[in-house]
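Worksheet: one structure, shown below.
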Amino acid sequence: MSQPSVILATASYDHTIRFWEAKSGRCYRTIQYPDSQVNRLEITPDKHHLAAAGNPHIRLFDVNSNSPQPVMSYDSHTNNVMSVGFQCDGNWMYSGSEDGTVKIWDLRAPGCQREYESRAAVNTVVLHPNQTELISGDQNGNIRVWDLTANSCSCELVPEVDTAVRSLTVMWDGSLVVAANNHGTCYVWRLLRGTQTMTNFEPLHKLQAHSGYILKCLLSPEFCEPHRYLATASSDHTVKIWNVDGFTLEKTLIGHQRWVWDCVFSVDGAYLITASSDTTARLWSMSTGEDIKVYQGHHKATICCALHDGAEAATS
């Protein structure tokens, strides 16, 4: 099976993962996932594998095969895995779970290599572009920085007490971090490097983005420069696009009929893919704010989406 240059996948409460031709909207592969719902999808930097975060496992599927079976299962979480991602070389994977832990997995070895205790259900984990710090957000409203070199928690923030942090995103150059919560608020910090390796947070902006929950926030990628956007996906059925320079509202993407759970930018920031409870995923043009493709095929809520349309990262 030859590898498509654009890999687009979605997962749904209908217990399937679907791969789509981005331009035509045709679903060309469906993986049955009977064991649990899938909370998050992520594609490896080399485009070879898709990670599906379920309850309580993470499964890795071969992107270029028709096999319904995973090539690997990672099993030491004890509750819903809400977040998964990869280090830039694809050597290791990180995850966050409602079991209150953040874990690191070396993809070249079995088992979990490291575990950090957040003491509350972890909803979101992002890797700082420096590849040496993980930032997690949990159900109690805590944001923690995990210094992978020192192997400890180097920083702790609570932007709003007892308000769950749903989503975190870091600017590609490490200059900003945004946290979105259940009150529809985004907190924005400048990330400053101290004399140590530790990252310091300087409050920059508080944005009341939606009246409902924000389920995902995402900063635009490097090749979107000089434009810098923040996308916020919400239970109010919309995605809003904010200009990071001043956090003014640039566009509201209207078309989904129910909650919008997830979004992902194309590598150049010209397009956005979204996933919604209305069972569809959609492709939006950032220049017009219109949806230009609707991916229909799931029978229940579509909860997450993953896109890799960039160059393959060289595997070391």
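The values are calculated or read from the model by the stated rules, or taken from the named source; none is laboratory data. Since we're looking at a predicted model, the values are computed, not measured. Note that each Cβ is placed from the backbone with ideal geometry, even for glycine, and that neighbours are counted across all protein chains shown. Surface areas here come from the heavy atoms of the whole protein model, side chains and all, with no ligands, DNA or RNA. Shrake-Rupley method; radii C 1.70, N 1.55, O 1.52, S 1.80 Å.
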Residue check, H57 in contact with an Asp or Glu (Cβ under 6 Å, 6 or more places away or on another chain) and open to solvent by less than 10 Å² (accessible area, probe 1.4 Å): no
Selection within the stretch 238-280 - in a loop (DSSP other than H, G, I, E, B) and among the hydroxyl-bearing types (S, T, Y): T238, S266, S277, T279, T280
Residue, least open to solvent (accessible area, probe 1.4 Å), within the stretch 18-44, restricted to residues that are closer than 26 Å to S97 by Cβ and of a type in the set (D, E): E42
Residue that is surrounded by the most Cβ atoms within 10 Å (Cβ to Cβ), among those in the stretch 199-213 that are under 21 Å from the mean Cα position of the chain (by Cα) and not in a strand (DSSP E or B): A209
Residue within the stretch 9-17 that is over 26 Å from D99 (Cβ atoms) and either out of contact with any Asp or Glu (no Cβ under 8 Å at 6 or more places or on another chain) or touching a residue at least 24 places away in the same chain (Cβ under 8 Å) (or both) present: no
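Conditions (1) touching a residue at least 24 places away in the same chain (Cβ under 8 Å); (2) more than 19 Å from I303 (Cα to Cα); (3) open to solvent by 40 Å² or more (accessible area, probe 1.4 Å), marked per residue:
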position: A51; (1), (2), (3): yes, no, no
position: V71; (1), (2), (3): no, yes, yes
position: Y74; (1), (2), (3): yes, yes, no
position: H77; (1), (2), (3): yes, yes, no
position: P129; (1), (2), (3): yes, yes, yes
